[in-house]
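The values are calculated or read from the model by the stated rules, or taken from the named source; none is laboratory data. Keep in mind that what you see is a predicted model, and the values were worked out from it rather than measured. Cβ atoms come from the backbone with ideal geometry, glycine included; neighbour counts cover every protein chain shown. Heavy atoms of the whole protein, side chains included, go into the accessibility calculation; ligands, DNA and RNA do not. Shrake-Rupley method; radii C 1.70, N 1.55, O 1.52, S 1.80 Å.
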Amino acid sequence: MLASFDSHLFWSALSSGPYWRGALTALELTIVALVTAIVVGFFVALGSLSSRRGTRTVAWTYNWLFRATPTLLQLYFVWYALPTWWHVFAQSWFTPFIAAWVTLSLNEAAYMSEIIRAGLLSVDPGQELAGRALGLSRRQILRKVVVPQAVRIIIPPVGNEFITLLKLTSLASIISLHELLTAATELTSSKFVYNEPLLAALVYYLVIVSILMVLQARLERRFTWTSRRRRVAAPAVPAIPHDVR
Amino acid sequence: MSVLRAHGVHKQYDGLEVLRDVTFQVDPGQVKVIVGPSGSGKSTLLRCLALLEEPDAGTVSLEDRRPLPGEVGMVFQRFNLFQNMTALGNVMCGLREVRRLPKTEARDQAMAFLTRVGVADKASQYPEELSGGQQQRVAIARALVMRPKAMLFDEPTSALDVELVREVLDVMESLAHEGMTMVVVTHELRFAHHVASSVLMMDGGQIVEEAPPEEFFSAPKEERTRRFLALVE
């Protein structure tokens with residue numbers, strides 16, 4: 001039992017403007033960063049599968065750099081150091097949101113490229129062979145045959161990445177981005193209570209992730225190729241150790 | 001006049017010679033069956049003919065020029081149907097993407113070829129839902145719809161359950177009767193006996209012997225062929 005619980009405070013926090021806007025900011029940041037990371041990660045994955053040694057080295061270095069360093073450190077670099085290197089980043093357009101977007105995208109792209117690489121490699125090489133025998137170009141084979149089949153494989157790990165990113169957005173509170181956790185901590189420090197403001201934030205995260213899980217299950221069915229879309233119960237999300245990036 | 005020709009073809013992988021100076025041709029309407037132990041270079045020869053592999057030396061030609069996409073059809077041991085497309089989608093794919101046909105025209109032609117190989121009722125099914133024999137017949141339709149000048153079959157029945165072999169061989173036999181030029185790598189010696197214009201024995205990356213089927217099976221000239229036939233029959 002909670003020692004004291006002010007349900008009125010809890011509900012007013014839950015429905016307050018700062019929480020709602022903070023959650024929206026967190027969600028927006030997650031989505032734009034994820035989409036950018038998928039695009040960048042796709043090309044990094046192609047690079048790491050390239051037959052050219054130089055291209056593979058560039059891809060490898062990218063992954064090494066962004067996976068071996070803490071996300072928070074990268075965020076500090078982008079927000080504080082970058083404007084001292086190039087003056088354009090010292091201007092007003094370079095908001096905390098944009099800085100967080102750039103950082104999380106570049107960071108996530110490194111992880112995403114490995115997921116996409118695994119997805120591409122999981123497609124039977126016979127599929128490509130058949131495409132070439134028909135006279136399809138490499139690009140057509142990739143677009144029509146290999147990528148759709150790889151998508152099926154990468155949906156569950158990409159779902160994991162979405163969740164990780166959503167939680168990483170709270171790092172951006174440090175560069176004064178008004179996201180969800182900022183709303184909660186501001187409330188705790190103004191009211192000197194913890195239970196209600198933190199629980200309200202927790203509810204927001206739970207709701208966002210729950211919606212994602214429903215969407216993911218739908219997407220997986222969409223990429224299952226049987227004439228009656230298979231109705232298997234969505235497999236439980238495997239327990240993964242807490243992701244400390 | 002030959003349709004499909006390989007002249008002095010060499011191919012090696014990592015220093016291993018898989019094809020050693022193979023010269024070989026198929027005349028229009030001929031069916032050539034290639035037999036031989038695994039590792040003898042049969043599949044590699046087919047892949048060179050289909051331009052899936054570039055020979056290290058020598059040339060492959062179709063009517064004395066380089067084949068265009070889809071002009072040499074290939075059927076694989078493991079079918080290799082596109083898993084993300086229905087049977088119909090598989091057969092339409094080449095028409096849409098390579099031939100750039102409009103959708104309705106591609107669909108009509110694809111349906112005609114699915115009917116031709118007896119799987120029209122499976123048009124909207126995905127490969128995963130079809131038996132091996134049905135998948136292989138869809139794969140044959142996918143190659144045929146491109147109107148190839150020659151068809152290559154790489155052990156088309158080796159991955160099939162015994163009772164499904166017949167339906168695929170029947171389709172191949174009727175193709176042969178219609179005058180399709182074919183090169184078939186297979187262990188189905190009865191098919192070779194019935195349908196082949198000539199049978200080739202490959203070993204160690206070379207063609208050891210070529211003869212009409214009656215002669216090849218009853219009176220092989222080469223010791224290597226005799227040993228092989230004694231083992232498989």
Condition set basic (Lys, Arg) and surrounded by 24 or more Cβ atoms within 10 Å (Cβ to Cβ), scope region B:127-164, selection farthest from the other protein chains (Cβ to nearest Cβ): answer is B:ARG137
Residues in region A:142-156 that are more than 17 Å from A:ARG218 (Cβ to Cβ) and not hydrophobic (A, V, I, L, M, F, W, C) total 3
Is one or more of the residues making up region B:58-67 hydrophobic (A, V, I, L, M, F, W, C) and at pLDDT 95 or above? no
(1) away from every other protein chain (no Cβ under 14 Å); (2) open to solvent by 20 Å² or more (accessible area, probe 1.4 Å); (3) not hydroxyl-bearing (Ser, Thr, Tyr) all hold for A:LYS144 apart from (1)
- Query: Any residue at all in region A:58-76 that is out of contact with any Asp or Glu (no Cβ under 6 Å at 6 or more places or on another chain), modelled with pLDDT of 90 or more and part of a loop (DSSP other than H, G, I, E, B)?
  - Reply: yes
The correct count of residues that are outside any helix (DSSP H, G or I) and of a type in the set (A, V, I, L, M, F, W, C) in region A:166-181 is 1
Next on the checklist: Condition first: more than 14 Å from chain A (Cβ to nearest Cβ), part of a loop (DSSP other than H, G, I, E, B) and either β-branched (Val, Ile, Thr) or free of Cβ contacts under 8 Å to residues at least 60 places away in the same chain (or both). Can you find one or more residues in region B:167-180 that meet it?
Outcome noted: yes
Quick count over region B:128-159, residues being on the phi < 0 side of the Ramachandran plot, in a loop (DSSP other than H, G, I, E, B) and out of contact with any Asp or Glu (no Cβ under 7 Å at 6 or more places or on another chain), is 7
Taking region B:49-71 and keeping residues open to solvent by less than 10 Å² (accessible area, probe 1.4 Å) and either more than 7 Å from chain A (Cβ to nearest Cβ) or assigned to a helix (DSSP H, G or I) (or both) leaves B:LEU49, B:LEU62
Scanning region A:79-125 residue by residue, the ones that are closer than 18 Å to A:SER173 by Cα, of a type in the set (A, V, I, L, M, F, W, C) and surrounded by 13 or more Cβ atoms within 10 Å (Cβ to Cβ) total 9
Here the residues within region A:165-206 that are aromatic (Phe, Trp, Tyr) and open to solvent by less than 70 Å² (accessible area, probe 1.4 Å) are A:TYR204, A:TYR205
Scanning region B:32-90 for residues that are within 17 Å of the chain's Cα centre (by Cα) and charged (D, E, K, R), the one farthest from B:VAL18 (Cα to Cα) turns out to be B:GLU71
Q) Taking A:LEU212, is it at pLDDT 55 or above, of a type in the set (A, V, I, L, M, F, W, C), under 19 Å from A:LEU181 (Cβ atoms) and in contact with a Gly (Cβ under 7 Å, 6 or more places away or on another chain)? A) yes
For region B:101-115, does any single residue satisfy the condition of being assigned to a loop (DSSP other than H, G, I, E, B), under 20 Å from A:LEU136 (Cα atoms) and either touching a Phe, Trp or Tyr at 6+ places or on another chain (Cβ under 8 Å) or among the β-branched types (Val, Ile, Thr) (or both)? no
When restricted to B:ALA110, B:ALA106, B:ALA120, the only residue surrounded by 24 or more Cβ atoms within 10 Å (Cβ to Cβ) and away from chain A (no Cβ under 12 Å) is B:ALA110
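A quick yes/no check of all residues on (1) of a type in the set (A, V, I, L, M); (2) in a helix (DSSP H, G or I); (3) more than 14 Å from every other protein chain (Cβ to nearest Cβ):
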residue	(1), (2), (3)
A:TYR111	no, yes, yes
A:ALA133	yes, yes, no
A:GLN140	no, yes, no
A:ILE155	yes, yes, no
A:GLY159	no, yes, yes
A:THR164	no, yes, yes
A:VAL193	yes, no, yes
Scanning region B:78-103 for residues that are open to solvent by less than 30 Å² (accessible area, probe 1.4 Å) and of a type in the set (D, E, K, R) gives B:GLU97
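If you take the residues in region B:198-227 that are assigned to a helix (DSSP H, G or I) and under 18 Å from B:LYS32 (Cα atoms), which one is most open to solvent (accessible area, probe 1.4 Å)?
B:GLU214
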Check your understanding: Would region B:28-45 turn up any residue that is open to solvent by 10 Å² or more (accessible area, probe 1.4 Å) and within 14 Å of chain A (Cβ to nearest Cβ)?
Key -> yes
Note on region A:49-65: residues within 16 Å of A:GLU108 (Cβ to Cβ) and open to solvent by less than 40 Å² (accessible area, probe 1.4 Å) are A:ALA59, A:ASN63
Flagged pairs (Cβ under 8 angstrom, 6 or more apart or on separate chains; first in region B:77-96, within 9 Å of chain A (Cβ to nearest Cβ) and more than 23 Å from B:VAL165 (Cβ to Cβ); second of a type in the set (Lys, Arg) and buried (at least 24 other Cβ atoms within 10 Å of the Cβ)) are B:CYS93/B:ARG142; B:GLY94/B:ARG142
